[in-house]
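The structure appears right after this line, and notes come after that.
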Amino acid sequence: YLRQACSQVDEESIQGEHLMLYLPRYHAAFLHIPKCGGMAIRRAIIASGISAHGDGYQIGDAQNARETFGPDVRLFTVIRNPVTWYASYWCDRIINGWGGDLIPGRLCQSNDFERFVRNCLHECYGFVSKELYPRYMDKNVFIERLEGVPRSLNSGLRSIGCEEVVEEVLPTNMGSALPVLRERCVLSDDLRQRLIQSEMPIIERYYQEMLS
């Protein structure tokens with residue numbers, strides 16, 4: 001049943017090429033963080049008519065971007081709630097298989113979501129806040145939240161001097177929306193709190209509403 005449900009997901013949408021998108025008119029680049037809506041955002045920017053190039057660039061964190069386009073390139077990115085990041089990543093690995101470049105995919109494998117999260121807390125505590133996001137975030141990168149798109153995307157575009165407006169951002173990777181997977185992405189209250197605690201650097205700065 002899981003295999004049949006997953007077959008409904010568009011194959012291109014789950015490839016997950018986390019490439020930079022360069023906007024030459026503004027000498028700027030969008031940094032695509034894995035599992036943060038990057039494919040949908042890239043497509044939305046291109047569909048809006050903004051001149052952008054994304055083919056042939058290496059996986060693009062902030063350092064890669066400056067090495068590729070020069071130290072004066074303007075950078076923006078979009079992050080997501082770390083708790084939902086783990087759910088999205090787990091769904092992606094269930095669909096595509098374990099492994100890949102990220103530590104959770106190599107060391108934390110489990111077909112049970114709670115076990116996967118426990119493995120992450122043991123093998124790579126605070127992975128999103130301490131290892132993943134910092135590669136794409138520094139004081140010179142404009143950062144917005146995925147939960148606010150398209151408004152937050154347009155805020156990112158304005159940060160690089162682009163006044164064109166993206167009206168809609170359509171989801172492309174729908175694996176975590178499949179009921180057969182979504183209903184399995186449930187954590188006990190205790191485990192959820194442990195996960196939140198592990199990701200406190202990002203949550204305290206960008207998701208303070210989770211602490212109230």
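Quick rundown of the values:
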read-out: Restricting the range 51-68 to residues that are surrounded by 13 or more Cβ atoms within 10 Å (Cβ to Cβ) and at pLDDT below 75, the residue that is nearest to the chain's Cα centre (by Cα); value: I59
read-out: I143 vs. criteria out of contact with any helix residue (DSSP H, G or I) (no Cβ under 6 Å at 6 or more places or on another chain), surrounded by 13 or more Cβ atoms within 10 Å (Cβ to Cβ) and among the β-branched types (V, I, T); value: yes
read-out: Count of residues meeting criterion [touching a helix residue (DSSP H, G or I) at 6+ places or on another chain (Cβ under 7 Å), without any contact (Cβ under 8 Å) to a residue 60 or more places away in the chain, part of a helix (DSSP H, G or I) and closer than 22 Å to P179 by Cβ] in the range 85-127; value: 4
read-out: Condition met for V78 (buried (at least 17 other Cβ atoms within 10 Å of the Cβ), touching a Gly at 6+ places or on another chain (Cβ under 7 Å) and of a type outside the set (K, R)); value: yes
read-out: Residue under evaluation V166, criteria (1) open to solvent by 20 Å² or more (accessible area, probe 1.4 Å); (2) outside any helix (DSSP H, G or I); (3) on the phi < 0 side of the Ramachandran plot; (4) in contact (Cβ under 8 Å) with a residue 60 or more places away in the chain, criterion not met; value: (1)
read-out: Among the residues listed as Y86, Y136, Y125, the single one being of a type in the set (F, W, Y) and open to solvent by 80 Å² or more (accessible area, probe 1.4 Å); value: Y125
read-out: Single residue of L191, L195, L157 found to be over 18 Å from G37 (Cα atoms), crowded, with 17+ Cβ neighbours inside 10 Å and at pLDDT 95 or above; value: L195
read-out: Every residue from the range 22-33 that is surrounded by fewer than 20 Cβ atoms within 10 Å (Cβ to Cβ) and touching a residue at least 40 places away in the same chain (Cβ under 8 Å); value: R25, Y26, H27
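The values are calculated or read from the model by the stated rules, or taken from the named source; none is laboratory data. From a predicted model like this one, the values you see are computed outputs, not experimental measurements. For neighbour counting, all protein chains shown are included, and Cβ atoms are generated from backbone atoms with ideal geometry for every residue, glycine included. For accessibility, only protein heavy atoms count, side chains too; no ligands or nucleic acids. Shrake-Rupley method; radii C 1.70, N 1.55, O 1.52, S 1.80 Å.
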